[in-house]
Amino acid sequence: MDYSLHFDMSIGSILLGLSLLILAGLVLGQPFLAQKKRQPRPRSRKQQLLTQKEAVLEEIRALDFDYDTGEIPQEMYEPKRDQLMAVATETLKALDALGTEAPVDDVAAQIEAAINRIRAQRRSGEEPAVAVTAVSPQGQASFCTQCGAKVDAGDKFCAACGHQLAVPV
């Protein structure tokens, strides 16, 4: 008995199988072969300044750490720190200038009005009976003034700490 396997394949079936294999490889490999050149999303001036501020503050922290551990002598530390502080100051001034250009919305006006009412009550000698929380005009959730937990519009007490809430009039 002959137990050997016999393969009777024609050249056509071999070429067909090979072409199907190549086609499947191209379809499955397309995401790896296609290199999309993604354009970075343009960032606003405020985002750029915030990123710069964080980078400068981190550099100041690293410089202070190096000085505290004795890796940088004082004669190198002071001018470098002064330079970084100047950059940080200019960045913060630019951020402040951008902040004044932003329109004030209704929620900010409500918060200011609530703060002014509380200050007036305290100046007159009476303590406000309850803390005031800011609720947006759309009735969206706000946060507890005691613990910072999220509270829904219409809640009278904070579910996290039990603090009594009041909605500004």
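The values are calculated or read from the model by the stated rules, or taken from the named source; none is laboratory data. This is a predicted model, so every value here is computed, not measured. Glycine also receives a Cβ, built like all others from the backbone with ideal geometry; neighbour counts cover every protein chain displayed.
Candidates in the stretch 99-112 are the residues that are in a helix (DSSP H, G or I) and exposed (fewer than 14 other Cβ atoms within 10 Å of the Cβ); of these, the one that is modelled with the highest pLDDT is Glu112.
A count restricted to the stretch 113-140 and to residues that are loosely packed, with under 12 Cβ neighbours inside 10 Å and at pLDDT 60 or above stands at 9.
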